[in-house]
Each structure stands twice: as C-alpha cells, then as structure tokens.
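Readers should treat all values here as calculations from the given coordinates under stated rules, not as data from a laboratory. Everything numeric here is computed off the predicted structure, so don't read it as measured data. Cβ coordinates were reconstructed from backbone atoms using ideal geometry, including for glycine residues, and neighbour counts include every protein chain displayed.
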Amino acid sequence: MVAVLRPRTQGQHDVLFDKVQPYTAFPKVVKGPTVWQAEQFRSRRDLWTKRWSPEHIHELEEAYSMFKASRLPITAITKDTFPLPAGVTDFLRSIRALIVDGPGFILIEGLPVEHWPIEKTAAVYLAIGTIFGNTLSQNHKGHVLGHVKDLGNDPTQTHKVRIYSTAARQFFHTDAADIVGLLCLHKAKEGGESDVVSAHHLWNTLQAERPDVAELLVRPNWYFDRKGEVSEEQNGWVQKSVFYFHEGKVLSHYDPYFVKSIGRHVDAGLIPGHSRKQLEAIEILEQTAQRLALHMVLKVGDLQFVADTHVFHARTAYTDYAPPAPRRHLLRLWLATPESQGGWQRPFKDSAHEKRGGIQVNDQEETCPLDAE
C-alpha cells in the first residue's frame, strides 16, 4: 500500500488585527450574484437544485470500483487517488463556481445512497468533495468525514457539546471552513429541516435597519470558544469579528454556540464577557436571518453544499423515529478553497494555506469513521 502524505488542517486562529477594516470602510450595500432574496428562489427551485444523471451515477460507480481496487484507505482520497471522469467533474465544477462566487448554495438530488454500502457512499462523497476543495478535520478526533446525528448529548452543556451531536435547533451560523457539504442518509420523523440566507443580503438589511448592530458585528472583540478542542500553548478561545471587509469582499464567520459558551473563561478572569449590546446584536442577527431565510427539506440521497464565506445556514430541531428505525443521519464535509484554487482571501494567517480553517488539535491524524462516535 502506498502512503499518501497530506498537509495538516490549520485550525482556528485569532484574526490578524492589522487586517481588520473599520466599519466606515464597509460598503453600505453589497451588490452582485452573492446577494439574493428568498423570494427569488421559492418559486424557482430549478435555480438551486440539480440532479445526477444516470451517466453521472455510472461514472461515480466506475471510479469507485477503480479506487476500491487500489486498496487505499478512504483517508487517502484525493483527486489523484480517486479521479472522477470528465462528465461528472465538469458537472461539479459548474456547481462549484456557483458556490464560491455565486449564490453560495446548491442542492443535488438523487445519489443512490439507499442502495450503496456506507463504505461506498463515504468514498464517493469524499471524491465529490475533492472537486470543491480540500477536506478538513472537523473536531479533535481528526474526523474528515463528519456525522450529523443525535448521540443523546445535552445541548445545554454548551461549553463541551457540539450541537451537531444533538437533536436541538441549530441557529444561523457558518462552519469553520470555506464550504460545508451535507449528504442525507436518513431523515428524521419530524423536523431537521434546513434554512439558508445570503450573508450579503443579511448585511445589507442590517445596514438599512440597524446600522448600530452592523457596526458592533465588525469589531474584532468577539470571543469564540474552542469547546475544549485545544492544542498545546493555545488559548481556549479565539478572538474575531462576525463580519469582515477584506480585499474588496464582505465575508463572515460566526456560530452563536461558540460565542455564548465562553462563560468559564470569563469567570476565570481570562477574557471579558460580551456586553449587553453585543448579546442584543446577535439576537437581532438571528431574528433578521430567520425573516430572510429560504427553507428547504433534504430527502435521502440529497447533497447540499453551502459557502461558509457568504451564506449562513440553520437547522430546525427534530425528533427521530423510534428504534429500530434509523436515526436522522447526515454525512458532513468541511472543505477549504484556498487562494490557489480561487478561494477568497481571508484576514487570517492561514489564508494562503491549502487546508486553512477546520479544527486541528496537536498532531492528531485525520480519521474517517463510518458512523458517529
């Protein structure tokens, strides 16, 4: 078996404070294809929904057979070790352009996951991801294939529980990546539905309705908890803004669960708490996002890609079917689209790195579990 050497996920960092632009430098109105309103898409599902053709599925299956014959582990999947044929590659590249520099979300229907073993589904999914970017570790265990599934964890234990391992509502947020992919294996009995909103339309709305809130969100005095996923010589938090204006683009990075779980660091006198006005600002951010959002439901075999740079996404709370029926289960990818691959420049020290972002703890190797753990 040939060893495949891969660079490490870079993890989370404080913003480069000398790169932070003041509120007065931000545009009052962002324009372009990244700005959209839900009304544009509600009656035009064809604008944001694609479907695999029989030829695409055949190409994916043929490519998987060749990869399986190589006997490489799925952690070794790259464009070189699992090359996709031209037809499906061109299809995915056209979608990638819409994610990186367009509306920033897409739904691809019809991957036959109910007919494939999990090993095949996981490998094909990772290979699809290579067209969009470079896989990132999503937690301290090095998972490059994540599992969104209720493990019975208590969502109120915000300082140590990642919300994707619960059935609780996920409020509007971005992930620690450039693109997030979600592939539906099993649906919930009720709930677990998806909402997306253009971060640029959200910004424009805040600028028009609550510029005071917009001004607070661009200050680099927001603390994001690492939830215990900390390398040696790192703080247990990072300091950032919610919105940035960098190299001519407004981009965002935000998750309320990581903002609201810093209490133990505040109590220890390590960092200041967020002010009343800051907490009010993120409540207004959430309320505005809910008002502007596009709602969608993922069916089994549906694959959603979302740009974390300029789209916020959320999930409703859900209830699973009673055993022995399978629980709601989505496979998740975090993908980096570095500058060398046309990704947006970011005001962080790893902006040019091919595996920028993600979560990396010490020298943890990448792992690819086939179920939640």
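Charges on Cβ only, +1 for Lys and Arg, -1 for Asp and Glu, centred on the Cα centroid of the chain; of TYR321, LEU270, ILE282, which one is farthest towards the dipole's positive end? Farthest along the dipole direction, towards plus: ILE282.
The HN-Hα couplings worked out from phi for the range 30-47 by the Karplus form 6.51 cos²θ - 1.76 cosθ + 1.60 (θ = phi - 60°) are 7, 10, x, x, 7, 9, 8, 10, 4, 4, 5, 10, 4, 9, 10, 4, 5, 6 Hz, whole numbers, x standing for Gly and Pro. Each label point was placed 7 Å from the Cα along the Cα-to-Cβ direction; for LYS299 and ASP14 their separation is 5.0 nm. Extension gain for GLN21-THR78 works out to 16.9 nm (0.36 nm per residue, less the C-alpha to C-alpha distance).
Provide the FRET efficiency to the nearest 0.05 for the LEU270-ARG45 pair, computing r from the beta carbons and using R0 = 51 Å. E(calc), rounded to 0.05, equals 0.60. Taking other residues whose beta carbon is less than 10 angstrom from the beta carbon of TYR64, and scoring Lys, Arg as +1 and Asp, Glu as -1, yields -2. Within the chain, antiparallel bridges make up roughly 90 percent of the DSSP beta bridges whose residues both belong there.
Spatial offset of the range 180-196 relative to the range 64-82 amounts to 28 Å, using the alpha carbon center of each. Computed from phi, the 3J(HN,Hα) profile of the range 228-239 under the Karplus parametrisation 6.51, -1.76, 1.60 (θ = phi - 60°) reads x, 8, 10, 7, 4, 6, 9, 6, x, 8, 10, 10 Hz, with x in place of Gly and Pro. In this calculation the C-beta distance from LYS28 to GLN290 is compared with R0 = 22 Å, giving a FRET efficiency of 0.40.
Full extension of the chain segment joining THR367 with GLN234 gains 45.6 nm, where the gain is 0.36 nm per residue of separation less the Cα-Cα distance. A protection proxy built from the mean count of other Cβ atoms within 10 Å ranks the segments 333-345, 30-42, most packed first, as 333-345, 30-42. Here the extension length gained between LYS260 and GLU109 equals 50.8 nm, from 0.36 nm per residue of separation less the Cα-Cα distance. Among MET296, MET66, the order by Cβ neighbours within 10 angstrom, fewest to most, reads MET66, MET296.
Calculated [222 nm] ellipticity per residue, helices only, for the chain: -8000 deg cm²/dmol; basis is -39500 (n - 2.57) per DSSP H run with n ≥ 4, divided by all residues, nearest 500.
Reducing the range 120-148 and the range 331-373 to their Cα centroids gives an inter-centroid distance of 10 Å. Round to a whole angstrom and tell me the spacing of the C-alpha centers of the range 207-237 and the range 30-45. The two parts, judged by their Cα centres, are 28 Å apart. What residue among GLU232, GLU59, GLU209 shows peak mean-square fluctuation when the chain is described by a Gaussian network model with Cα springs under 10 Å? Per the Cα network of the chain with a 10 Å cutoff, GLU232 tops the list. With both labels modelled 7 Å from their Cα along Cα-to-Cβ, the ALA317 to ALA352 distance reads 4.8 nm.
Converting phi to 3J(HN,Hα) with the Karplus coefficients 6.51, -1.76 and 1.60 and the offset θ = phi - 60°, the range 213-219 yields 5, 4, 5, 5, 6, 9, 6 Hz in sequence order, with x at every glycine or proline. Largest mean-square fluctuation among HIS353, HIS115, HIS310, in a Gaussian network model of the chain whose springs join Cα atoms under 10 Å apart, belongs to HIS115. For the listed peptides 177-183, 69-75, a ranking on the average number of other beta carbons within 10 Å per residue, highest first, reads 177-183, 69-75. Ranking of VAL297, VAL230 by neighbouring Cβ atoms within 10 Å, starting from the fewest: VAL297, VAL230.
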